[in-house]
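What follows is a single structure, written as structure tokens, with notes after it.
The values are calculated or read from the model by the stated rules, or taken from the named source; none is laboratory data. Everything quoted here is computed from the prediction, not taken from an experiment. FYI the Cβ positions are ideal-geometry reconstructions off the backbone, even for glycines, and counts take in every protein chain you see.
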Amino acid sequence: MEGSPNHHLPPSHFQYRPSLSLFFILLSMSQEDSFKYNRATVVGPGLLGASIAMGLKKKHMVKELWVWLRSEAKKDHCASSAWCDHATNNLQEAVVGSDLVILCTPVETITEQINQVSKWVNPRCIVTDIGSLKNTICSAAIEAFKDKESSFIGSHPMTGSEKSGLEYASSEILENKNCIVTPSSEDDPESFDKMKRMWEGLGMRVTKMSPAKHDQIVGCISHLPHVVASCLVNTVEQKNFDQLYLCGDGLRDTTRIAAGNPEMWQQIIVGNKENLVEMMDDMVDQLNGLKDAIAKSDKRSVGDFLEKAKVVRDELDDKR
């Protein structure tokens with residue numbers, strides 16, 4: 001018949017069937033694409049650093065996760081953890097060959113390590129940190145990474161706990177929390193975009209701002225609350241109440257953050273002294289105004305003060 005094929009094979013014979021080897025090649029490619037970094041190094045995996053490391057491995061954002069620690073005992077502990085591929089006490093060994101380095105040590109140590117790490121990391125490596133102060137850290141990074149092919153992008157995950165140490169770490173403390181990323185004018189857009197996507201991949205909401213603006217805002221919403229909580233604890237303690245244990249959840253909830261690491265918070269508070277002293281002056285003005293109203297039995301002023309605070313506090317929950 002005109003137009004009929006000159007064979008007797010069924011049409012299904014000519015349907016495309018991918019080979020098994022091609023299937024595994026495609027599968028391998030998709031797995032490779034799911035990794036954003038071949039190797040990441042977390043320097044100083046305490047509560048937050050270890051939580052980040054866990055998240056990177058859990059979300060398959062790295063092939064290898066290396067850590068640097070000072071303590072030999074903690075090194076052995078990390079090395080035996082499922083989320084850690086290699087632990088070392090040698091900082092240079094820890095960062096050479098990594099695509100991503102995250103500095104998670106105290107603020108004053110970060111500024112020292114930036115100078116060292118900038119000399120050792122590979123070209124195209126991105127270095128970030130989790131420090132609570134950005135002006136000092138980012139200024140040091142601008143100088144250290146000048147004329148380098150690697151880059152630095154400041155970060156501050158706004159999460160944590162009054163507890164410290166990697167034994168309390170969990171990738172869940174990052175989820176649905178804020179992270180402030182503070183690129184300087186010298187940073188390239190590509191590196192910032194990679195850093196933004198990394199934090200978002202860990203479940204965080206990313207906000208971009210300058211290092212100076214960061215220190216001003218965080219001084220108000222993080223550093224001042226810690227000072228106030230500590231002042232409240234010390235004021236109550238001065239009264240020498242034997243029955244202090246009778247307190248309810250109000251005192252415990254209000255002062256929970258005062259249980260944070262004193263050495264770490266000393267560095268943060270003094271390091272942000274300009275912004276913090278200004279905030280404390282504002283706080284003293286608020287207290288003096290309320291004190292005068294109470295002394296005069298001015299119920300209306302006291303009520304207005306408390307009502308305003310309630311409205312603002314309720315809005316915090318609405319904006320989570």
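Structure summary
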{"item": "Verdict on residue 134 being touching a residue at least 12 places away in the same chain (Cβ under 8 Å), surrounded by 21 or more Cβ atoms within 10 Å (Cβ to Cβ) and charged (D, E, K, R)", "result": "yes"}
{"item": "Residue among 126, 110, 130 that is touching a helix residue (DSSP H, G or I) at 6+ places or on another chain (Cβ under 8 Å) and either over 22 Å from residue 266 (Cα atoms) or outside the structural domain of residue 61 (by TED's automatic domain parsing) (or both)", "result": "126"}
{"item": "Qualifying helices (runs of 4 or more DSSP H) (wholly inside the stretch 205-320; at least 2 residues being closer than 22 Å to residue 137 by Cα and aromatic (Phe, Trp, Tyr))", "result": "none"}
{"item": "Cβ pairs under 7 Å, 6+ apart, first in the stretch 48-63 and without any contact (Cβ under 8 Å) to a residue 40 or more places away in the chain, second surrounded by 19 or more Cβ atoms within 10 Å (Cβ to Cβ) and assigned to a helix (DSSP H, G or I)", "result": "62/56"}
{"item": "Cross-chain or 6+ apart pairs with Cβ under 6 Å, the stretch 255-276 first and within 16 Å of residue 221 (Cα to Cα) and among the basic types (Lys, Arg), then at pLDDT below 95 and not in a helix (DSSP H, G or I)", "result": "256/162"}
{"item": "Candidates 103, 91, filtered to the one that is buried (at least 24 other Cβ atoms within 10 Å of the Cβ), of a type outside the set (S, T, N, Q), within 19 Å of residue 125 (Cα to Cα) and touching a residue at least 24 places away in the same chain (Cβ under 8 Å)", "result": "103"}
{"item": "Some residue of the stretch 182-204 being part of a strand (DSSP E or B) and buried (at least 16 other Cβ atoms within 10 Å of the Cβ)", "result": "yes"}
{"item": "Wholly enclosed strands (runs of 3 or more DSSP E) of the stretch 60-179 bearing at least 3 residues of a type outside the set (Val, Ile, Thr)", "result": "62-68, 154-158"}
{"item": "Residue in the stretch 68-88 that is touching a Phe, Trp or Tyr at 6+ places or on another chain (Cβ under 7 Å), over 30 Å from residue 273 (Cα atoms), of a type in the set (S, T, N, Q) and without any contact (Cβ under 8 Å) to a residue 60 or more places away in the chain present", "result": "yes"}
{"item": "Options 273, 291, 208, 296; residue that is touching a Pro at 6+ places or on another chain (Cβ under 8 Å) and basic (Lys, Arg)", "result": "208"}
{"item": "Residues located in the stretch 195-240, provided they are charged (D, E, K, R) and either touching a helix residue (DSSP H, G or I) at 6+ places or on another chain (Cβ under 8 Å) or closer than 17 Å to residue 267 by Cα (or both)", "result": "208, 215, 237"}
{"item": "Identity of the residue in the stretch 259-297, surrounded by 14 or more Cβ atoms within 10 Å (Cβ to Cβ) and either touching a Phe, Trp or Tyr at 6+ places or on another chain (Cβ under 9 Å) or basic (Lys, Arg) (or both), that ends up nearest to residue 135 (Cα to Cα)", "result": "290"}
{"item": "Residue satisfying all of: in the stretch 137-158; hydroxyl-bearing (Ser, Thr, Tyr) and buried (at least 19 other Cβ atoms within 10 Å of the Cβ); farthest from the chain's Cα centre (by Cα) among these", "result": "150"}
{"item": "Any hit, the stretch 233-243, residues being in contact (Cβ under 8 Å) with a residue 24 or more places away in the chain and closer than 21 Å to residue 284 by Cβ", "result": "yes"}
